[in-house]
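Only the coordinates and a few stated rules stand behind these numbers; no lab work does. Just so it is clear, the model here is predicted, and its values are computed rather than measured. Reconstructed Cβ throughout: ideal geometry from the backbone, glycine too, with neighbour counts over all protein chains shown.
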Amino acid sequence: MRSTKRTPKSSAKPTTSFTAPTWILLSFTILLPLLYGVYLSFLNVNLSSFAPTKFIGLDNYRLALSAPETYSTFITTIQLMVIGLVIQIPLGIFLAVTLHQNLKGSRFFRSVLIVPMLLTPVAVGLIFRFMFDTDIGIINWALSLIGSDGYNWLGARTSALIAIVIVDSWQSVPFVMLLVVAALATIPTSIYEAALVDGANKFQVFFRITLPLIVPTLLVLTMIKIMDFLKLFDTLFILTRGGPGNDTTTLGLWTYKTGFVFLEMSRAAALGVIILFITMPVYFLWRKSAKSVR
Amino acid sequence: MAKISKECAMKIKLDKVASYSILLVAVFFSMFPIFWTISTSIKARVDTFTLPPKFFNFTPTWKNYQLLFELDGFWRIYANTIFITLATTALCLIIGSLAAYSLARTEKFRGRSALEILMIIVRALPGIVIILPLYNLSTYFGLYDRAWALILIYTGFNIPFAIWLMTNFFDQVPTEIEDAARVDGASNMQLFTKVLIPLVTPGLVATGVFVALLSWNEFLIPVIMAGESSKTMPILVSSFISNRTLDWGPMAAAATVALLPIIIFTIAIQKWLVVGLSGGAVKE
């Protein structure tokens, strides 16, 4: 029998030293900016003014929390998130279940259907902006075929929000589909056979067997999508830039505008800290849901 | 009995027809915008502005591409994006695989939970919250508009995901192999480079593909941290929206040029892609 005794040196598992390069990198690119952001939020930095930099305590927070935009953009973020989740998760499951039947060519269909999720969001935003165009857009033309007048899609709040969700869904539904396909593959077929013998119909099989079994995956997916909607920037920036007015501005985009349009760096930093607190529950939930899948 | 089986066969056939119809409709919706971009990119200006739209009945032209390629700095921007993408991918893989190895193999070590929390923060926090102070700091450190700074920032933003993905792959390697090598007196570094890396190469490729995609597509970091000299493709593409000339042809050409490498890439490395995109959940 082979001895399992090891010398102390070689039995040391890889630890802190192996993570050192990552720590150095993250310290400079993530941690330092975050801490500097907190510091910045207590100052009065405004790139358009020549006022000397000074410490102004919680003034930026007071201003940020009393501004109506902080609340309206937060609500917009949540609205986009809710509409997006309600559309993307069921649609993704639906496509995944359709793909999962082992039809001939399902691998080909999967390959084609995941292409949108890989594409540059900025380019995707441009393409859809062209397609949503009021006068020459193909979407309004298609609607005219069925007798609709078409919309000024990006010109009003509700239709613009719908357009944003459509564009995001075009890229996100394939992702949901892909993860659900992976989850479905882990369900043993014997379960289905038993159900069919018992005379269960398709809907019963789906709601009583499939759905409960993929709940852990759905939780992780929901978490990922919540984070993605908090981060939503590229397509939003290209499609509406938060307009008309601030009607489709999310909290993240509002922070960008405060900092890089109004040049109120300190106030934007305060908004950043507020966002950090708002997203706090997400971190804990993510750790929990990620563990439940493993 | 025979009747029932006939009915059954009928039903299965109907099911199949329904499934294929659903999939074909889905394929149409996912492919149409891509088709429309490419077709717009080879249309003359008049053909873009006509209704009903011209799907195939137009004379293709390369004029939009000529305009795009003649843009000041186009090739420099393209090359710069490729360079930043490759460098970021390499850094993420080299630095990230070391960290992923420790996370996969050592249950508890100093700084483990701190690292995990930091990784989740990067994943969940809107990038602007980090980039905005970074932009303000950049004036002190001379980071603005430098390709190497962009590479480091891209790496910082993408490495948590790369580590998470690679940890899954290291987890799948049985520990017995390492134990045997350890008995022979191999150090952790030797184990890592000689034993583990060859075993997780498929995982590393999948991770690399994913990081490369994210870097190629990255917009928020360069829109704030890149000026004229380190501009990337997404910035160039987005610049077509700011000038109000509504010239969709060159815009579609720019979008096509940004998307084409991805589409070709996708077809070429299909297998790795599915593994990487699903976070290691799908195994081929």
Alpha carbon centroid spacing (whole Å) that separates the range B:136-188 from the range B:10-78: 38 Å
Span-rule helices in chain A, defined as complete DSSP H runs reaching 18 Å or more along the axis (Cα) with Kyte mean at least -1.0: A:68-99, A:157-185, A:211-231, A:265-278, A:280-293
Estimated FRET transfer efficiency (B:LYS11, B:PHE49; beta-carbon r; R0 45 Å; 0.05): 0.35
Theoretical FRET efficiency, 1/(1+(r/R0)^6), r = Cβ-Cβ of A:THR16 and B:ILE197, R0 25 Å, to 0.05: 0.80
Where chymotrypsin sites (Phe, Trp or Tyr not before Pro) fall in DSSP loop in the range B:36-114, at most 15 other Cβ within 10 Å: B:PHE49, B:PHE55, B:PHE56, B:TRP62
Alpha-carbon radius of gyration plus Dmax, which is the widest Cα pair, for the range B:132-220 in Å: 17.9, 52
Charge-dipole axis of the range A:76-249 as Lys and Arg at +1 and Asp and Glu at -1 on Cβ define it, positive-most pick from A:PHE175, A:PHE128, A:GLN101: A:GLN101
Set B:LYS16/B:LYS54; A:LYS231/A:LYS288; B:LYS108/B:LYS194; A:LYS104/A:LYS225; A:LYS104/A:LYS202 screened for pairs whose C-alpha atoms are more than 29 Å apart: B:LYS16/B:LYS54; A:LYS104/A:LYS225
Amide H partners (placed H, <5 Å) of A:LEU43, local residues excluded: A:ILE56
Loop sites in the range B:83-179: trypsin sites (Lys or Arg not before Pro), DSSP, at most 13 other Cβ within 10 Å: B:LYS108, B:ARG110
A:THR158/A:TYR71 FRET efficiency (R0 22 Å; Cβ-Cβ; nearest 0.05): 0.75
A:VAL197 paired with B:PHE141, simple spin-label distance in nm, labels 7 Å along Cα-to-beta-carbon: 6.4 nm
Spin-label pair B:ILE82/A:TYR61, simplified geometry with 7 Å Cα→Cβ offset, distance in nm: 5.0 nm
Three-way shape call for chain B based on the alpha-carbon gyration tensor, with the a/c threshold at 1.5: oblate
Given charges at beta-carbon only (K, R positive; D, E negative), |dipole| of chain A in Debye: 1680 debye
D_trans [Stokes-Einstein, Kirkwood Rh over alpha-carbon pairs] for the range A:101-202, 20 °C, 1.002 mPa s, µm² s⁻¹: 128 µm²/s
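Show that you can apply the helix-only estimate: for chain B, add -39,500 (n - 2.57) for every DSSP H stretch of four or more residues, divide by all residues, and state [θ] at 222 nm to the nearest 500.
-24500 deg cm²/dmol
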Cβ-based net charge around A:LEU196, under 14 Å, with every Lys or Arg adding one and every Asp or Glu removing one: 0
Averaged over B:162-168, number of beta-carbon atoms from partner chains that fall within 10 Å: 1
B:ASP247-A:ILE136 pseudo-label distance in nm [points 7 Å out on the Cα-to-Cβ vector]: 1.3 nm
Whole-angstrom gap from the range A:112-191 to the range A:75-100, using each part's C-alpha centre: 11 Å
Computed [θ] at 222 nm, deg cm²/dmol, chain A (DSSP H ≥ 4; -39,500 (n - 2.57); rounded to nearest 500): -21000 deg cm²/dmol
